[in-house]
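Student: Below is one structure. I have some questions about it.
The values are calculated or read from the model by the stated rules, or taken from the named source; none is laboratory data. All values derive from a computational prediction rather than experimental measurement. Cβ sites come from the backbone with ideal geometry, for glycine too, and all protein chains shown count toward neighbours.
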Amino acid sequence: MCLAVPGRVMEIEERDGTRMAVVDFGGVVKDVCLEYLPDLEVGEYAIVHVGFALQRLDEESALRTLGLFAELGLLQEEFGDPWEAATGPGETAEVER
């Protein structure tokens, strides 16, 4: 599943002519493009989908949504280890010899 997840802007810089940010999604930090929200500032929250900040969000709504996502395990599903997700909970991938 691919979610639109709220995140907090930690840093902003221009990279190769594109406005980019380092965004914290409840402990997971990713690079995000800010071209759709050119006036977004450090400390503000935005809803991010596939690496693009799409909409500004107030802090209360962002934290409530992150809490619900964490409670439902959706943050781990969205940002977790792909190997772990592929093998299922508590299982490990075995290599055939």
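Student: Within the stretch 37-78, work out how many residues are over 11 Å from residue 5 (Cβ atoms), part of a strand (DSSP E or B) and of a type outside the set (A, V, I, L, M, F, W, C).
Tutor: 2
Student: With the requirement that a residue be under 10 Å from residue 45 (Cα atoms) and crowded, with 17+ Cβ neighbours inside 10 Å, what does the stretch 6-23 give you? It would help to see each step written out before you state the result.
Tutor: Going residue by residue through the stretch 6-23, those that are under 10 Å from residue 45 (Cα atoms) are 6-10, 23.
Of everything in the stretch 6-23, those that are under 10 Å from residue 45 (Cα atoms) and crowded, with 17+ Cβ neighbours inside 10 Å turn out to be 6, 7, 8, 9, 23.
Student: Also, quick follow-up: Please tell me if residue 44 is modelled with pLDDT of 95 or more and surrounded by fewer than 14 Cβ atoms within 10 Å (Cβ to Cβ).
Tutor: Numbers: modelled with pLDDT of 95 or more: yes; surrounded by fewer than 14 Cβ atoms within 10 Å (Cβ to Cβ): no.
In short, no.
Student: So residue 85 ticks every box in (1) over 11 Å from the mean Cα position of the chain (by Cα); (2) loosely packed, with under 12 Cβ neighbours inside 10 Å; (3) modelled with pLDDT under 90 but one. Which box is left unticked?
Tutor: With respect to (1) over 11 Å from the mean Cα position of the chain (by Cα); (2) loosely packed, with under 12 Cβ neighbours inside 10 Å; (3) modelled with pLDDT under 90, residue 85 is out only on (2).
Student: Let me ask something else. Given the conditions (1) modelled with pLDDT of 95 or more; (2) charged (D, E, K, R); (3) under 16 Å from the mean Cα position of the chain (by Cα), report the number of the one that residue 19 does not fulfil.
Tutor: Result: residue 19 passes all but (3).
Student: Of everything in the stretch 1-26 that's touching a residue at least 24 places away in the same chain (Cβ under 8 Å) and out of contact with any Leu (no Cβ under 8 Å at 6 or more places or on another chain), which residue is nearest to residue 72 (Cα to Cα)? Step through it out loud before you land on a result.
Tutor: If we filter the stretch 1-26 for residues that are touching a residue at least 24 places away in the same chain (Cβ under 8 Å), which is where we start, we get 1-12, 21, 23, 25-26.
With the extra rule that they be out of contact with any Leu (no Cβ under 8 Å at 6 or more places or on another chain), the set shrinks to 2, 7-8, 10-11, 23.
Values: 2: 14, 7: 17, 8: 20, 10: 25, 11: 28, 23: 21 Å.
Ranking the qualifying residues of the stretch 1-26, first place goes to 2.
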